[in-house]
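Down below is the structure, laid out as structure tokens.
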Amino acid sequence: MRLLKAEELFRKLLEGGSKKQPRLLGLDVGSKYVGLAVSDQKNRIALPLSVLGRTKTNINLMADDFKTLVKNYSLAGLVVGYPFNLQGQSSPDASQVSLLVGELCKTGKLDDLSYTYWDENFTSKFAYSRVI
């Protein structure tokens, strides 16, 4: 997997050149679960997809699941929620995210996939404020 700045990943998405519009997969990483959301075909909104259980021994199975999702949804990359603190630095919860991404990279099964980190500060509060 290759880390890109968000702008680079989105530019890559726009310049894809394939007949089928590539999409993005969002990851919400926790200590026990990884929530997945896939973008719509116009990449305007992410829709809930699934939740994967996370253990110390299932990283290869998770990588296989991601490979299947890449194929089934024509995914161009991953957008990984990253918990920065209010000063823009990694928060204590960020270690879970870094650990998962590092483990996925080590499997070698997703080498052709790009990813970016996205600041998840206030995302739930913002979404909630738009609904209410």
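Looking only at segment 75-100, how many residues end up being within 21 Å of SER31 (Cβ to Cβ) and either open to solvent by 40 Å² or more (accessible area, probe 1.4 Å) or more than 15 Å from the chain's Cα centre (by Cα) (or both)?
Keep residues of segment 75-100 that are within 21 Å of SER31 (Cβ to Cβ), which gives 78-85, 89-100.
Restricting the remaining residues to those that are either open to solvent by 40 Å² or more (accessible area, probe 1.4 Å) or more than 15 Å from the chain's Cα centre (by Cα) (or both) gives 84-85, 89-93, 95-96, 98-99.
Matching residues across segment 75-100 total 11.
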Discussion item. Being closer than 19 Å to LYS106 by Cα, under 12 Å from the mean Cα position of the chain (by Cα) and assigned to a strand (DSSP E or B) is the filter here; which residues of segment 17-74 pass it?
Written reply: LEU27, VAL29, VAL34
Practice prompt. Could you run through segment 104-123 and say how many residues are modelled with pLDDT of 95 or more, over 14 Å from the mean Cα position of the chain (by Cα) and part of a helix (DSSP H, G or I)?
Written response: 2
Worksheet item: Of all residues in segment 25-74 being open to solvent by 30 Å² or more (accessible area, probe 1.4 Å) and aromatic (Phe, Trp, Tyr), which is farthest from GLY102 (Cα to Cα)?
Response: TYR73
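Restricting to segment 1-16, what's the tally of residues that are assigned to a loop (DSSP other than H, G, I, E, B) and surrounded by fewer than 18 Cβ atoms within 10 Å (Cβ to Cβ)?
Step one: filter segment 1-16 for residues assigned to a loop (DSSP other than H, G, I, E, B), giving 1, 4-5, 15-16.
With surrounded by fewer than 18 Cβ atoms within 10 Å (Cβ to Cβ) added as a condition, the list becomes 4-5, 15-16.
Number of matching residues: 4.
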Discussion item. Need pairs with beta-carbon distance below 7 Å; first residue in contact (Cβ under 8 Å) with a residue 40 or more places away in the chain and within segment 73-85, second in a strand (DSSP E or B) and among the basic types (Lys, Arg); sequence gap 6+ or separate chains.
Written reply: TYR73/ARG23; SER74/ARG23; LEU75/ARG23; ALA76/ARG23
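The values are calculated or read from the model by the stated rules, or taken from the named source; none is laboratory data. Computed from a predicted structure; not experimentally measured. As a convention, Cβ positions derive from the backbone with ideal geometry for all residues, glycine included, and neighbour counts pool all protein chains shown. Note: accessible area is taken over every heavy atom of the protein model, side chains too, but ligands, DNA and RNA are not part of it. Shrake-Rupley method; radii C 1.70, N 1.55, O 1.52, S 1.80 Å.
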